[in-house]
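To start, the structure under review is shown below, and the notes come after it.
Laboratory data are not the source of any read-out in this text; all were calculated from the coordinates shown. Everything numeric in this text was worked out from a predicted model, so none of it was measured. Neighbour counts are summed over all protein chains in view; Cβ atoms, including those assigned to glycine, are modelled from backbone coordinates with ideal geometry.
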2 protein chains.
Amino acid sequence: MSEFYSIGQLSKLAECKVPTIRWYEDKGLLPAPTRTEGNQRRYTKRHLTTLRFIRHARALGFDLPAIEKLQQLNGCCYGDHIEADRIAQEHLDDVRNKIAKLKAMEAELVAMIEGCDYEHSHKCRILDVLADHGLCGSDHQ
Amino acid sequence: MSEFYSIGQLSKLAECKVPTIRWYEDKGLLPAPTRTEGNQRRYTKRHLTTLRFIRHARALGFDLPAIEKLQQLNGCCYGDHIEADRIAQEHLDDVRNKIAKLKAMEAELVAMIEGCDYEHSHKCRILDVLADHGLCGSDHQ
DNA sequence: CTTAAAGTCTCTAGTGACTAGAGGTTCAAG
DNA sequence: CTTGAACCTCTAGTCACTAGAGACTTTAAG
């Protein structure tokens, strides 16, 4: 078994685009790998694990600074566990806030679209509502 | 009643920051107002109406190209109504997609946080799950 | 061994919708 | 007339990438 992956191989294995890998290295999330004599990157299994960690955390919506903090915790002591929990909980709150906002948007959009009875009124409620916040029910920001 | 607003007054009336107003003008969403001899902007009620339309549409999550299209519809003919409806519906689908994705994230975050029983296992499930996608249930991207 | 194709390198610029700041000018009140 | 708030333009920064240019390296076929 060959020990090294090129950036393209790593890209396929981790389902992460090549420029994104380089970008993570640039930002310090993925350690710089060794290079060939011709200056091309050669990665190890460890890099693959790290990259998968990053991608998984991204898929869950963590931002890069949070991921960097999570990486520094290795989970072997109680403090690490508490801190990981705090970061995850904070992010969960964030996600829930976003959901709430989007649901408010959704409700208002539905009301707007369904309330539009052009056939009868010959006025488009969608454009009316947009023009006048007073015409819509909720107090979105 | 004075006919004109300064950019600061408009800002307060429309609850929109001053640089944002200038930026909308730059992007062609808000018509360029007249200027004083000293080159300061002077807005009319019409500008206020337009700016409120933009802000309301933004609050509902429409992006600027969509808002520009909506502005060009005045709602007085059937075609306008159909088009406004199409744009709104498309955006609603978008919003619902985002909600679905966030809910998937939420579920997985909750599972991760609640499944973390550090007291017993002395391993932090949060970090474990992030390191290995296989440990989590869903097929988020 | 040569050659061609595919892969890789660095660097810059663009995305969306603003926001922040520098450095200078104008307005309105007293 | 002075002062200070508001205004002007322009540039750069945000986030997490993505796209592209132009040059170099690696790999597989012949």
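Structure remark: mean-square fluctuation, Gaussian network model of chain B, C-alpha springs under 10 Å; the largest value among B:Gly79, B:Gly115, B:Gly28 belongs to B:Gly115. Note that chain A carries a Kirkwood radius of 19.2 Å, evaluated over its alpha carbons pair by pair. Measuring nothing but how far apart in sequence close Cα pairs (under 8 Å, 6+ apart) lie, relative to its length, segment A:1-61 scores a relative contact order of 38 percent.
Remark on B:Tyr5: its backbone amide H falls under 5 Å from those of B:Tyr43, B:Thr44, a criterion applied only to residues 5 or more positions apart or on other chains, H modelled at 1.01 Å from N. Every Cα-Cα pair of the protein assembly as shown was included, and the share exceeding 33 Å stands at 47 percent. Only Cα sites of segment B:1-61 enter the Debye sum here, all with the same form factor; the resulting log10 I(q)/I(0) across q = 0.13 1/Å is -0.30, listed in q order.
Take the Cα of A:Lys45, step 7 Å toward its Cβ, do the same at A:Glu68, and the gap between the two points is 2.9 nm.
Cross-linked pairs A:Lys98/B:Lys17; B:Lys27/B:Lys101; A:Lys12/A:Lys45; B:Lys17/B:Lys103: Cα-Cα separations exceed 25 Å for B:Lys27/B:Lys101; B:Lys17/B:Lys103. Taking each residue as 0.36 nm, the span from A:Val18 to A:Arg35 lengthens on full extension beyond its C-alpha to C-alpha distance by 4.5 nm. Between B:Glu83, B:Glu114, B:Glu68, the GNM of chain B built on Cα springs shorter than 10 angstrom shows B:Glu114 fluctuating the most. Could you work out which residue, out of B:Asp85, B:Asp128, B:Asp63, moves most in a Gaussian network model of chain B, that is, has the largest mean-square fluctuation with Cα springs under 10 Å? In this elastic network of chain B, the residue with the biggest mean-square fluctuation among B:Asp85, B:Asp128, B:Asp63 is B:Asp128. Take each residue of peptide B:47-56, count the partner chain Cβ atoms within 10 Å of its Cβ, and average: the result is 3.
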